[in-house]
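Laboratory data are not the source of any read-out in this text; all were calculated from the coordinates shown. Being a predicted model, the structure only gives us computed values, none of them experimental. Note that each Cβ is placed from the backbone with ideal geometry, even for glycine, and that neighbours are counted across all protein chains shown.
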Amino acid sequence: MSGQCNSGFTQKPKFRAGLSCLTGVLLLLLATLLFASPAASIEIPLQKHSSVYTLPVRVNGVITLTFVLDSGASEVTIPSRVARALLQAGTVRAKDFLPNQRYMLANGAIVTGARFSIRELEVGGVKIFDVPAVVSSVAGPPLLGQSFLARASHWEIDNDRRMLILTGLKSGEPASGKGKGQAGMSEERWLSSLPGAAGGKTAPGGAKLPPSRLFGRSSSGKIAPSR
């Protein structure tokens with residue numbers, strides 16, 4: 001009997017020690033979840049013009065343009081005239097060209113859009129690297145679309161304060177300068193493929209159409225200001 005009692009007493013402290021260790025681990029995990037630092041948020045002032053918001057954006061560190069914030073645009077959209085100027089200034093090179101992609105315009109027409117990677121997009125003092133962009137034939141302002149907004153884990157518009165709030169923004173890494181671009185595409189060929197160029201693509205009938213939407217796009221955040 002005494003042997004059995006001794007065995008019981010020797011096992012109970014071990015059990016209590018194991019339970020105490022497990023409790024400590026659970027408490028540590030709970031504290032980590034409760035007190036973990038939330039993802040940093042960035043607030044960028046917006047200007048309201050009619051029913052849209054605009055903001056200044058610096059492209060490749062050489063030119064600042066007024067962009068329209070457009071959550072419906074699948075990618076950052078650059079007007080053809082601006083794309084030409086960037087190419088001719090040498091801030092866009094062959095290594096930045098991306099494969100063309102099919103887009104659907106607001107009237108249902110399907111066109112093929114020339115694309116390139118913006119090596120550096122600066123918004124609100126924050127630099128984002130390697131942002132895909134499409135060249136638009138529309139004679140209008142550039143658009144800040146989903147290829148930028150999707151870099152944030154969450155985004156929203158504060159209509160009262162007119163602020164774009166980006167949470168968990170991933171800037172990416174600066175281009176190494178060793179990119180290959182679109183295989184077999186020279187600067188001359190890419191330039192000739194831009195909307196409005198000789199031999200380039202234009203919207204059916206030459207109409208000025210709203211921004212294109214990419215097939216299979218996904219949206220996030222809160223769309224379009226309510227006032």
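Highest-first packing order for the peptide set 156-162, 55-61 is 55-61, 156-162, based on the mean count of other beta carbon atoms within 10 Å.
Start at zero, step by 5 Å, and the Cα-Cα distances of the range 116-168 spread as 4, 16, 25, 24, 17, 10, 3, 0 percent across the bins.
Placing dummy labels 7 Å off each Cα toward the beta-carbon, the span from Arg81 to Thr112 is 2.7 nm. Under 19 Å of direct C-alpha separation, and excluding same-chain neighbours fewer than eight residues apart, Lys48 reaches these aspartates and glutamates: Asp70, Glu156, Asp158, Asp160.
Let me spell out the model: positive unit charges on the Cβ of Lys and Arg, negative unit charges on the Cβ of Asp and Glu, origin at the Cα centre of the range 117-158. What dipole size does that give, in debye rounded to 20? Please list the in-between numbers first.
Working: 3 positive and 5 negative charges, 30 e Å.
Value, rounded to 20: 140 debye.
Shape call for the range 48-113 from the C-alpha gyration tensor, a ≥ b ≥ c root eigenvalues: rounded (a/c under 1.5), prolate (a/b greater than b/c) or oblate?
The shape class here is oblate.
Straight Cα distances below 12 angstrom link Lys170 to the aspartates and glutamates Asp130, with same-chain residues fewer than 8 positions distant left out.
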